[in-house]
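Just below is one structure, and these are the notes that go with it.
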Amino acid sequence: MNQARVDALMAGHDATLEVSDELLQDAIKNHGFRCTTKLDDIKDCNFYVVAVPTPVDENNRPDLKPLWGASETVGKVISKGDVVVYESTVYPGVTEEECLPVVERVSGLKFNVDFFAGYSPERINPGDKQHTVEKIRKVTSGSTPEIADYVDAIYNSVLVNGTHKAPSIKVAEASKIIENSQRDVNIAFMNELAKIFNAMGIDTHDVIDAAASKWNFIKLSPGLVGGHCISVDPYYLIEKAQVYGVLPRVMHASRRLNDGMGAYVANQTIKCMNKKGVMVKDAKMLILGITFKENCPDIRNTKIVDIYHTLAEYTHNITIYDPWASKEKVMHEYGIEVTNELPKDQFDAIILGVAHNDFLELDVKSLVKANGVIYDVKGVLPRNVIDGRL
């Protein structure tokens, strides 16, 4: 749908940096890889994969419009005997109850008679160069036992570590959504511990390191939970659970706690400033990083924005420096100005929000005034240069 995105890919460059230019150009030149915005170009295919976003609206309710739109597109081109596989993260039942009826309506074909379906959730981890597509183990499923085998074989043809064939589409859908919900709950627990130990004057990371000496302790760190998966997907299961009369209290509380961590970080920074006698009003502040995670340009649902807005209640002298982020995309998405060049000024307070490799090599101390404050969200800076960390 995005002609500019298609043009860039066919010119051999992936702006998300998930695929190297060398690999992409080789795929175009030698392996028939092709991107298009023209519907006629895909009407002769017989295996369709739908991988569109599944966001939430302003009330955190599932927004299925991208899925409905993609299903209409498939419905316009699908033919007898074809298979459509969905990869978008959804609550159990969306594929069969929401998507396939749209394909049926538009195509005039009958599901599981004229065409078939599968579900194989994506497992991409942005910026992760170790767990790439071909190396992950993928969950697969199909609308009939035969189609399940067929879909499984297709994915197995390109995967090094194979697949896990789920017994049904609903099981496959559920498996994906609990992957991210589990992470959300676990991180929420660590964030709650960080709040408790910070109030007690105990370093949370020291506590975690000590506890991790036990063989069965799961070592996680507190932090901001942003992006398009962990901070969004639990709302899909929460919504569906309530339809069945189940109130998912743990998941709901985890979401609320994690969504509030940006404001908490800002307020902890202000607390450090007050302790050192640094005037908060009109203070000159620097935030290092705006992407939702390190070493990738993805800004979707980044919680750094929450830090920014909380600080903006006290000062408008806020600079955000991120060499990975697109200034244009940040301005379009959040209305916030970002610089890709390291500022030469000195600041009253600095918050390291994203652990880009660029920042780990940075002399952060040289950017802060003599009595200034450095707050480390990621717990990666030397202990002797910081005033606080999550």
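The values are calculated or read from the model by the stated rules, or taken from the named source; none is laboratory data. It should be emphasised that the depicted structure is a prediction, and the values quoted were computed from it without experimental measurement. Because the Cβ atoms are built from the backbone with ideal geometry, glycine has one as well, and the counts that use them run over all protein chains shown. For accessibility, only protein heavy atoms count, side chains too; no ligands or nucleic acids. Shrake-Rupley method; radii C 1.70, N 1.55, O 1.52, S 1.80 Å.
Loop only by DSSP, 16 or fewer other Cβ within 10 Å of the Cβ. Give me the trypsin sites (Lys or Arg not before Pro) in the range 1-106 that pass, ordered by residue number. Walk me through the numbers before you get to the answer.
Details: sites: Arg5, Lys29, Arg34, Lys38, Lys43, Lys76, Lys80, Arg105; in loops: Arg34, Lys38, Lys43, Lys80.
Within the range 1-106, the qualifying trypsin sites (Lys or Arg not before Pro) (loop, at most 16 other Cβ atoms within 10 Å) are Arg34, Lys38, Lys43, Lys80.
Rg/Rh, computed from the Cα trace of the range 142-260 with Rh as the Kirkwood radius, has the value 1.10. The residues packed around His131, meaning those with a beta-carbon under 11 Å from its beta-carbon, carry a net charge of +2 if Lys and Arg are +1 and Asp and Glu are -1.
Hydrodynamic estimate: the Kirkwood radius of the range 148-207 over Cα pairs, inserted into Stokes-Einstein at 4 °C and 1.567 mPa s, corresponds to D of 88 µm²/s.
How much area per residue is accessible in the chain when the probe is 1.4 Å and only protein heavy atoms are counted (Å²)?
51
Using only C-alpha positions, report the orientation-averaged shadow area of the convex hull of the chain, nm², one decimal. Please list the in-between numbers first.
On the way: hull surface 86.0 nm².
Mean projected area of the Cα convex hull: 21.5 nm².
Treating each Cα of the range 237-302 as one equal point scatterer and applying the Debye formula with no solvent, the log10 of I(q)/I(0) at q = 0.12, 0.17, 0.19, 0.24 Å⁻¹ comes out as -0.55, -0.83, -0.90, -1.05.
Just so you know, the Cα atoms of the range 23-109 work out to an Rg and Dmax of 14.8, 46 Å. Element breakdown for the range 61-161 at a 1.4 angstrom probe: carbon and sulfur atoms account for 53% of the accessible area.
Restricting to the chain, compute how many DSSP beta bridges are antiparallel as a %, nearest 5. Once the DSSP bridges in the chain are tallied, antiparallel ones form about 5 percent. Excluding same-chain neighbours fewer than eight residues apart, the lysines reachable from Lys38 by a Cα-Cα span under 17 Å are Lys76. For the range 118-178, the extents of the C-alpha atoms along the principal axes are 35, 26, 12 Å, listed from largest to smallest. Karplus-based coupling profile of the range 204-213, in residue order and whole Hz: 4, 5, 5, 4, 5, 4, 5, 5, 5, 6, with θ = phi - 60° in 6.51 cos²θ - 1.76 cosθ + 1.60 and x standing for Gly or Pro.
Of all accessible surface on the range 309-365 at a 1.4 Å probe, what whole percent is carbon and sulfur?
Details: 1410 of 3190 Å².
Exposed carbon and sulfur together represent 44 percent of the surface.
Using the Cα centre as the reference, give the magnitude of the dipole from point charges on the C-beta atoms of the chain (Lys, Arg: +1; Asp, Glu: -1; all else neutral), rounded to the nearest 20 debye. Intermediate results must be reported in sequence, preceding the final value.
Working: 43 positive and 53 negative charges, 203 e Å.
It works out to roughly 980 debye.
For the range 288-361, the alpha carbon positions stretch 30, 28, 18 Å along the principal axes, listed from largest to smallest. Here the Karplus curve 6.51 cos²θ - 1.76 cosθ + 1.60, taken at θ = phi - 60°, turns the phi angles of the range 343-350 into couplings of x, 9, 7, 10, 10, 6, 8, 10 Hz, with x standing for Gly and Pro. The H on the amide N of Ile336, modeled in the peptide plane, is under 5 Å from the matching H of Met331, each at least 5 residues off or on a different chain.
Within the range 208-302, what whole-number % of the accessible surface is contributed by carbon and sulfur, with the 1.4 Å probe and all protein chains included in the calculation? It would help to have the intermediate numbers written out before the result.
Details: 2610 of 4450 Å².
Carbon plus sulfur share of accessible area: 59 percent.
Peptide packing: for 133-139, 242-248, the average count of neighbouring Cβ atoms within 10 Å per residue gives the ranking 133-139, 242-248, highest mean first.
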